[in-house]
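What follows is a short report on a single structure.
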Amino acid sequence: MMGPKPVRATAPAMGSQSFGQLLHRLTTQVETTYGAEVAANDKDKSALQHLISEISETVLPRLLTIECGPLTRLLLHVSNRRLLSLYVVSQNGKTAVDVPNDPDEAAQIYMSTISEIFASSETVVFQKPERMAHNADFSTSCSVELLSMIAGIDSTQAQNANNSTPNNLALIKSEALAWLQIGPNLQELGQNGYDEDQNLLRQIATRCIGDAGKSSKHLKVRPSREECVLVPVRNGIVLVIAESTEQRLLALVEQTKSQKLLKQIFPNR
Amino acid sequence: MAIKDILDATSNAISNCEVAAFGDTDTRLMLRACHQNHIRREHLDALCDQAAHCFNFIDTALSLQSEAIENDADFNEATCVSADKTTIFVRTDFTSPDFLCLVCTNPQEPDALLKTAHDALQKINAVQ
C-alpha cells in the first residue's frame, strides 16, 4: 500500500499581490544566478525567462532543480518541452503542487507558485538538469508555450536566453580595456583601460559598422547568438564580438584574458 | 594534389570537421569546399561573409595604428567560438583575398586548428 502523498490541495495564496505585480518584481528585483559556478548576478534577466528557456530546451525527461534562497528548492519534472509536475521542498518537507486536469488552470497554478517563490527569494540558482526515468508519477502537464503565455514571456526569445546571456556581456565588459555596446536604439561606450583603447574601438566601429553604430542592425559581423568572435587588432589585443538577445558588444580585451573569458563563457567546452 | 584533395585531407585529419573550405573574400565565394551532407550553400555563403567582415575588422584596426605592424600570422586569423563549435578563418597575408575556413562541431583548441588551416592554405597556394 502506498503511503499518503503530501500534496497541496489548492494554489498557494498570492497574498495581496497580483500575478502581474509579481512578474514585475521578478524582472526588476530578483537577483538571479545561473549555476553554482557562475558568480556574476544578472539583475536584468528574469528568472522566469530562464525557467521557460530550460523547459523549452528539454526534450528527454529531466529533473530541474532550482534553489530559491537557502531554505526552499523547486523540483520540476520536465520532458518533451512540457512541465510535468512541480514539487516544493522546504523545511516542512517535499510537497507536490496539486493541479486540476485542465492544462490552462494547471499552468496558472504552476506559474503563480513559481513566481511567488522566486519573488520572495533573494537568490534563484538553477542547477544543471539531471536525467530522469520515464516512469515517474505525473500530474497534468503543460506545454512551454502555454507556460510562457501565462508568464508573458516570448518562449522563442527565452529559448535563446541561455546562450545570449547579458551575464556574458557583463563578464566581457568587466575584463575589457574598452567596450562598445550596441542595442536597438542606443550605444554605450565604456573603458577599463586608456583613452587610446576607447578611441581605437570607436574608430574601428565607425569604419566597420558606420556611424550607424547607433543601431545593432548595422553590425556586419553578426555572430550567431551563442558565438564569440575574436579578431586580433593590435599586438596582444583582440576584439571580442558577442551578442545577447538585443545587445551586441564589441570589446578590446588582452589576448591572455580572452582565453580565460572563453572558458568562463563556455565552461563545458 | 588538387585543392579539393587538400581540403579532403585536412577535413579527415580533424575529428568532427563539419566544413573545410577555401574561399575568396573579394568575391565572397567559397571556391572549393569539403563538408558534411547537411551543410547548405547558404551556410557556406554566410561563412564567407563572416570571414570577409572579420578580416575587414583586422585591416581597419591595423590601418588606424601609427606603428608599423609586420605581417604577423596572428593578424591573418579570426576565431569564432561557441559551446559546441569552433570556426576559424585564416589567410596568407594582409593583401590576399584567399582564405581557408574550418568548422568543427566538437570543442577544439583553436590553436591546433589554426596551425592545420595555415598548413593547408600553404599547400593550396603551392598548387595554384
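Bear in mind these aren't lab numbers, they're just calculated from the coordinates by the rules spelled out. Fair warning: this is a prediction, and the values are worked out from it, not measured in the lab. Cβ: placed from backbone, ideal geometry, glycine included. Neighbour counts: every protein chain shown.
Share of Cα-Cα pairs in segment B:3-127 beyond 22 Å, in percent? The proportion of pairs with Cα distances above 22 Å equals 29 percent.
In order along segment A:68-81, phi translates into HN-Hα couplings of 10, x, x, 10, 10, 9, 9, 10, 10, 8, 10, 7, 6, 6 Hz, rounded to whole numbers, per the Karplus curve 6.51 cos²θ - 1.76 cosθ + 1.60 with θ = phi - 60° and x for Gly and Pro.
Averaged over peptide B:104-114, the number of partner chain Cβ atoms lying within 10 Å of each residue's Cβ comes to 1. Measuring between alpha carbons in the structure, the pairs from A:K173/B:K85; A:K94/B:K85; A:K263/B:K115 lying more than 31 angstrom apart are A:K94/B:K85. Note on chain B: helix-only mean residue ellipticity at 222 nm, from DSSP H runs of 4+ residues weighted -39500 (n - 2.57) and normalised by residue number, equals -13500 deg cm²/dmol. Summary of packing: across the peptides B:90-102, B:34-46, A:65-77, the per-residue average of other C-beta atoms within 10 Å ranks them, highest first, as B:90-102, A:65-77, B:34-46. Shown in residue order for segment A:47-60 are the 3J(HN,Hα) couplings computed by the Karplus curve 6.51 cos²θ - 1.76 cosθ + 1.60 at θ = phi - 60°: 5, 5, 5, 5, 5, 4, 4, 4, 5, 4, 9, 9, 9, 6 Hz (x for Gly and Pro).
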